[in-house]
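Asks: Quick one: the structure is below, questions incoming.
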Amino acid sequence: MSVSTLGVHGSVGEVFPTAVFRDALADAGPSVRVVSDGDDLTPCDALVTFAYEERFLDAGLDWIHSIQAGVDRFPFDELSDREIALTNSTGIHGDVVGETAVGMMLAFARRLHVHRSNQERGEWRKPAWDDAFPLRRESACVVGLGTLGRGIATRASALGMDVTGVKRTPTPVDGVDRVHPPADLHEAVADAGFVALAVPLNDDTEGMISAAELAAMREDAYLINVARGPVVDQAALVDALESGAIAGAGLDVFEAEPLPADSPLWDREEVIVTPHAAGINDEYYERVATIVRENLRRLSAGESLTNRVV
Ligand code: NAD
């Protein structure tokens with residue numbers, strides 16, 4: 001495979017400016033062109049994209065790079081049948097998503113979300129004496145210990161929390177005090193003050209957190225989801241919040257995005273909603289460009305692609 005023209009799909013603009021990204025790759029070798037809706041893709045050998053469109057399959061592309069780590073929207077079998085390589089952007093979000101997840105934990109523990117809501121109404125109101133608690137006393141169970149999970153675990157550990165994890169191969173991980181296999185998920189979540197989800201969405205993880213898992217959690221526990229919405233059964237989560245089976249949730253991802261205006265999740269004080277923004281930061285474009293540049297180098301050297309999914 002050789003890349004003489006690299007396309008930057010217009011959807012990338014939902015995360016960072018396409019022109020800034022194009023300029024970051026100006027010295028990478030191939031000519032780089034932004035392709036917007038309706039533009040012909042056939043001059044491109046490879047495409048960097050946020051969205052997936054069916055026309056990618058028949059445009060003569062050899063390689064597609066997803067600017068997201070999660071590639072659940074791409075049809076793996078069709079890509080494989082057409083010998084189109086798919087690479088993703090895992091490895092670049094551990095710090096910022098870790099900060100978002102632990103930031104949500106800090107908000108719940110220190111009641112920052114409530115103070116901010118009060119501020120919007122101009123209300124000076126102290127929390128009840130036993131509403132706020134120190135994070136140091138709490139435990140976090142991180143489900144999935146890849147890039148995101150490790151980013152969450154090391155930051156939670158640095159704040160003095162007891163950190164456990166759920167991992168398919170139960171080998172030790174820095175900052176994680178105990179590791180459980182997925183078969184022990186109920187046991188793993190049962191003791192945690194925070195359960196943070198950091199797994200990819202696939203057949204094994206869809207609905208991984210449903211009514212039974214939420215029932216297994218402590219009534220004063222919080223669920224943090226920075227992975228993908230369908231990893232959680234959202235109706236069961238709403239029920240668990242309404243019945244008091246868990247205390248609250250910090251949610252960056254949802255079954256339907258944008259979160260519909262009539263979702264009951266918008267109105268609950270103990271729910272923090274962020275718009276799938278945990279990975280967004282002003283270095284995002286450069287971090288993706290680094291992966292793309294490395295893969296262009298590998299292709300020139302006849303080496304295999306990094307971050308290859310298909
Ligand atoms: P990664 O591949 O580095 O890590 C995923 C980890 O989950 C791997 O270690 C894998 O072994 C583990 N895993 C898979 N199935 C499991 C299971 N059933 N039980 C326990 N562990 C399991 O990926 P990552 O970069 O950490 O990203 C993880 C996911 O988070 C992505 O696939 C994406 O969907 C999502 N994500 C969301 C954002 C955001 O902005 N909210 C940003 C980046 C990634």
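The values are calculated or read from the model by the stated rules, or taken from the named source; none is laboratory data. As the structure is a computational prediction, the values presented were derived from the model and not from experiment. In this analysis, Cβ positions are derived from the backbone assuming ideal geometry, glycine residues included, and neighbour counts consider all displayed protein chains.
Asks: So which helices (runs of 4 or more DSSP H) are wholly in the range 176-256 and hold at least 2 residues that are more than 26 Å from SER89 (Cβ to Cβ) and within 16 Å of the ligand (Cβ to nearest atom)?
Replies: Counting at least 2 such residues, we get 185-190, 211-216.
Asks: Mind checking which pairs have a first residue in the range 139-150 that is in contact (Cβ under 8 Å) with a residue 40 or more places away in the chain and a second that is assigned to a helix (DSSP H, G or I) and near the ligand (Cβ under 8 Å from one of its atoms), Cβ under 7 Å, 6 or more apart or different chains?
Replies: If the second residue must be assigned to a helix (DSSP H, G or I) and near the ligand (Cβ under 8 Å from one of its atoms), the pairs left are VAL142/GLY149; THR147/GLY94; LEU148/GLY94; LEU148/VAL97; ARG150/GLY94.
Asks: Can you tell me which residues in the range 249-299 are among the aromatic types (Phe, Trp, Tyr) and free of Cβ contacts under 8 Å to residues at least 60 places away in the same chain?
Replies: Listed by number, the residues that qualify are PHE254, TRP266.
Asks: Is there a residue in the range 104-126 that is within 16 Å of the ligand (Cβ to nearest atom) and not hydroxyl-bearing (Ser, Thr, Tyr)?
Replies: The answer is yes, given that some residue of the range 104-126 is within 16 Å of the ligand (Cβ to nearest atom) and not hydroxyl-bearing (Ser, Thr, Tyr).
Asks: I'd like the residue in the range 97-115 that is surrounded by fewer than 20 Cβ atoms within 10 Å (Cβ to Cβ) and closer than 16 Å to ARG155 by Cα and, out of all such residues, is nearest to the chain's Cα centre (by Cα).
Replies: GLU99
Asks: Sort out which residues of the range 9-51 are within 13 Å of TRP63 (Cα to Cα) and in contact with a Phe, Trp or Tyr (Cβ under 6 Å, 6 or more places away or on another chain), and write them in order of number.
Replies: Correct list: ALA46 only.
Asks: OK, next. Which one is farthest from SER2 (Cα to Cα), of the residues in the range 300-310 that are of a type in the set (S, T, N, Q) and either in contact (Cβ under 8 Å) with a residue 24 or more places away in the chain or within 13 Å of the ligand (Cβ to nearest atom) (or both)?
Replies: Here the residue is ASN307.
Asks: Within the range 98-136, how many residues turn out to be of a type in the set (A, V, I, L, M, F, W, C), part of a helix (DSSP H, G or I) and without any contact (Cβ under 8 Å) to a residue 60 or more places away in the chain?
Replies: The number of residues fulfilling the criteria is 5.
Asks: What about VAL163, is it outside any loop (DSSP other than H, G, I, E, B), modelled with pLDDT of 95 or more, of a type in the set (A, V, I, L, M) and away from the ligand (no atom under 14 Å from the Cβ)? Give the derivation first.
Replies: On the way: outside any loop (DSSP other than H, G, I, E, B): yes; modelled with pLDDT of 95 or more: yes; of a type in the set (A, V, I, L, M): yes; away from the ligand (no atom under 14 Å from the Cβ): yes.
So VAL163 fits the description; yes.
Asks: Exactly one condition in (1) surrounded by fewer than 18 Cβ atoms within 10 Å (Cβ to Cβ); (2) at negative phi; (3) not charged (D, E, K, R) is not met by LEU61; state its number.
Replies: With respect to (1) surrounded by fewer than 18 Cβ atoms within 10 Å (Cβ to Cβ); (2) at negative phi; (3) not charged (D, E, K, R), LEU61 is out only on (1).
Asks: In the range 52-83, what residues are within 19 Å of THR5 (Cα to Cα) and either small (Gly, Ala, Ser) or touching a Gly at 6+ places or on another chain (Cβ under 9 Å) (or both)?
Replies: ALA59, GLY60, LEU61, SER66
Asks: Taking the conditions exactly as written (assigned by the TED database to the domain that holds VAL142 and either modelled with pLDDT of 95 or more or not polar (S, T, N, Q) (or both)), does SER117 satisfy them or not?
Replies: Here the answer is yes, as SER117 does meet what is asked.
Asks: I would also like to ask the following. Residues of the range 144-154 being surrounded by 24 or more Cβ atoms within 10 Å (Cβ to Cβ) and more than 8 Å from the ligand (Cβ to nearest atom), which ones?
Replies: Matches in the range 144-154: ILE152, ALA153.
Asks: Okay, next question. Any chance you could count how many residues in the range 88-103 are more than 12 Å from the ligand (Cβ to nearest atom) and in contact with a helix residue (DSSP H, G or I) (Cβ under 6 Å, 6 or more places away or on another chain)?
Replies: Within the range 88-103, the subset more than 12 Å from the ligand (Cβ to nearest atom) is 102-103.
Subsequent filtering for residues that are in contact with a helix residue (DSSP H, G or I) (Cβ under 6 Å, 6 or more places away or on another chain) retains 102.
Total meeting the criteria: 1.
Asks: Also, I was wondering about something else. Restricting the range 211-237 to residues that are closer than 23 Å to GLY70 by Cβ and over 19 Å from the mean Cα position of the chain (by Cα), which is surrounded by the fewest Cβ atoms within 10 Å (Cβ to Cβ)?
Replies: ALA235
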